[in-house]
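Since the structure comes first, as structure tokens, the remarks are kept for the end.
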Amino acid sequence: MVASPWFLTSESAAGPDAAAAGPEPAARVYCFPHAGGNPRTFLGWQPALERDARILAVCPPGRGHRFREPAPASLTELADGAATAIALDATGERPFLLFGHSFGAALAFEVARRLDGVRGFAHLVASGCSAPRLLPTPRVARAAGLEGRAFAEAVRFFGGLPPEVLEDEAMRELLLPHLKADFRMVAGYRYRHRGAAPLTVPLTLVNGTEDPHVSPAALGPWADECAAAPDRHWVPGGHFYFEDRPTSVTAVLGALARAAAAGTAAAGAATGPSRSGDEYVELI
């Protein structure tokens, strides 16, 4: 069970009386939700990944079980905290990946910048997000300045907002504040150019073919953020393509986790056994 308040796993979410977890999978995937998203939704992907990877859903201060903690004031502050938590959690004995969708992808990118070079960091997967230097998009910036029903109408464009939330004032007051806070964080985001220092970890992009918010052109500048050209996956669906087809994501994450674990095993075989005595099994 993961002790850090930053992370939820299928075991920790089940409570203290849940059955003990099985063997630790060969890799870990830290998942960052979209604006206003519930990190617990990622835990539903765990059965599909089985022994390939352990899903760790990132829960920031001010959300979920951490609702009493002060929320970060900016995406930069949030990225600093998340990167520190992951660096402390990742032992280097198992590889780890970062996955983020939409707002979560921008956050995962900033976290990746802070963790680049950390032992075990194997891959960044960005889903449903324009290249960072194009953020915030004009539509997001406009939406962040709206209030109440006008804000709800604006974010309906992206999908993922149930019609009953839009129609019910009480539900809007209950559910929209976190979404609004995340939109404001993105609106306040200012991309920082790092010159000739792109990410050394590989980058994979996953996007819905019918996403009205992210165009192929908006993905192009992602290539400037990594040393090697990013791998692109186009899957059927809109901005929230994975709601109906979770395998669109889990198949990608599973393959990358297996490759990362195989690479770690090969490196371990070349350098000899680690001090911990852990053994890695080649998965592919």
Euclidean distance between Cα centres, the range 158-205 to the range 87-119, Å: 18 Å
HN-Hα J in Hz across the range 252-261 - Karplus 6.51, -1.76, 1.60, θ = phi - 60°, x for Gly and Pro: 5, 4, x, 5, 5, 5, 5, 5, 5, 5
Mean accessible surface per residue for the chain, computed with a 1.4 Å probe while every protein chain stays in place, in Å²: 47 Å²
For residue 199, residues with placed amide H under 5 Å, excluding near neighbours: 226, 227
Ranked by how many other beta carbons lie within 10 Å on average, peptides 255-261, 67-73 from highest: 255-261, 67-73
Average Cα contact separation per residue, the range 1-129, under 8 Å, 6 or more apart, as relative contact order %: 26 percent
Convex hull of Cα atoms in the chain, direction-averaged projection (nm²): 15.4 nm²
Accessible surface of the chain [probe 1.4 Å, protein heavy atoms]: carbon and sulfur percent: 55 percent
Length released on extending from residue 88 to residue 232, taking residue separation times 0.36 nm less the Cα-Cα span: 48.8 nm
Percentage relative contact order, the chain, counting C-alpha pairs under 8 Å, at least six apart: 19 percent
Ellipsoid semi-axes in whole angstrom, largest first, where each is sqrt(5λ) of the Cα gyration tensor of the range 8-134: 22, 18, 14
Over the range 103-246, equivalent-ellipsoid semi-axes from the Cα gyration tensor in Å: 29, 17, 13
Backbone HN-Hα couplings from phi across the range 102-117 [Karplus 6.51/-1.76/1.60, Hz, Gly and Pro as x]: 6, 3, x, 5, 4, 5, 4, 4, 5, 5, 4, 4, 6, 9, 4, x
Simple spin-label estimate for residue 251 and residue 71 in nanometres, 7 Å along Cα-Cβ: 3.6 nm
Sequence-distant residues sharing a close amide H with residue 232 (under 5 Å, placed H): 205
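The values are calculated or read from the model by the stated rules, or taken from the named source; none is laboratory data. Quantities reported herein were computed from a predicted structural model and do not represent experimental measurements. Neighbour counts run over all protein chains shown; Cβ positions are idealised from the backbone, glycine included. The accessibility values were calculated without ligands, DNA or RNA, using every heavy atom of the protein model including side chains. Shrake-Rupley method; radii C 1.70, N 1.55, O 1.52, S 1.80 Å.
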